[in-house]
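Participant: Sharing a structure here in structure tokens format.
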Amino acid sequence: MCKKLYLDEVDADYCMLRHYRGRVGYGLWKEGRNLDFVNRKCGFGWKLTKEQEGITKDSCFVISHWQLCDNPAYKIEYFGDNGEIHVGGVGGWMGYYGQVVKLDQLKDPRPKEELFVYEK
């Protein structure tokens, strides 16, 4: 938790709720639930396409401007408290790279068998 001091109980409860949403989302994700299920249970408010609804922890993605990699080298790793989506992987010689992405960067989910890991 953020350990902020609140003078108002409602503000403190809301802060705690935000933190728990990210933790619950991550737990559901690790269990193998898809993005649609996580979105509905955690109330992140994502506007998912039909294709994105079925994305799971096993799905991987091409994010070609990262490490100049045209292979599906990146996977969703976790969610932030407000539904931020953190993606990471090893797509190039520089090693691991990850950051928060927007939903429109998660196109054409590929199966886990296609996950690319750059090996030196």
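Participant: List the pairs whose first member sits in the stretch 1-20 and is closer than 20 Å to Gly83 by Cα, whose second member is in a helix (DSSP H, G or I), and whose Cβ atoms are under 6 Å apart, counting only residues at least 6 apart or on separate chains?
Facilitator: Qualifying pairs under 6 Å: Met1/His19.
Participant: Next question. Given the condition under 12 Å from the mean Cα position of the chain (by Cα), aromatic (Phe, Trp, Tyr) and more than 21 Å from Phe44 (Cα to Cα), answer yes or no: does some residue in the stretch 72-85 qualify?
Facilitator: The answer is yes, given that some residue of the stretch 72-85 is under 12 Å from the mean Cα position of the chain (by Cα), aromatic (Phe, Trp, Tyr) and more than 21 Å from Phe44 (Cα to Cα).
Participant: Now for a different question. What single numbered condition from (1) free of Cβ contacts under 8 Å to residues at least 12 places away in the same chain; (2) within 16 Å of Val38 (Cα to Cα); (3) of a type outside the set (D, E, K, R) fails to hold for Leu106?
Facilitator: (1)
Participant: Which of the residues that make up the stretch 1-15 are under 23 Å from Arg40 (Cα atoms) and surrounded by 13 or more Cβ atoms within 10 Å (Cβ to Cβ)?
Facilitator: Cys15, the sole residue that qualifies.
Participant: Now a separate question. Among the residues of the stretch 76-95, is any of a type in the set (Ser, Thr, Tyr) and over 30 Å from Lys120 (Cβ atoms)?
Facilitator: no
Participant: Kindly indicate which of Lys102, Lys57, Lys50 is under 14 Å from the mean Cα position of the chain (by Cα), exposed (fewer than 11 other Cβ atoms within 10 Å of the Cβ) and at pLDDT 95 or above.
Facilitator: Of Lys102, Lys57, Lys50, the one residue that is under 14 Å from the mean Cα position of the chain (by Cα), exposed (fewer than 11 other Cβ atoms within 10 Å of the Cβ) and at pLDDT 95 or above is Lys102.
Participant: Which ones in the stretch 105-120 are loosely packed, with under 12 Cβ neighbours inside 10 Å and under 24 Å from Trp46 (Cβ atoms)?
Facilitator: Asp108, Pro111
Here's the yes/no breakdown for (1) under 28 Å from Cys2 (Cα atoms); (2) basic (Lys, Arg):
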position	(1), (2)
Arg33	yes, yes
Phe44	yes, no
Lys50	no, yes
Ile55	no, no
Cys60	no, no
His65	no, no
Gly80	yes, no
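The values are calculated or read from the model by the stated rules, or taken from the named source; none is laboratory data. As the structure is a computational prediction, the values presented were derived from the model and not from experiment. Don't worry about glycine lacking a Cβ; one is built from the backbone with ideal geometry, like all the others, and counts go over all protein chains shown.
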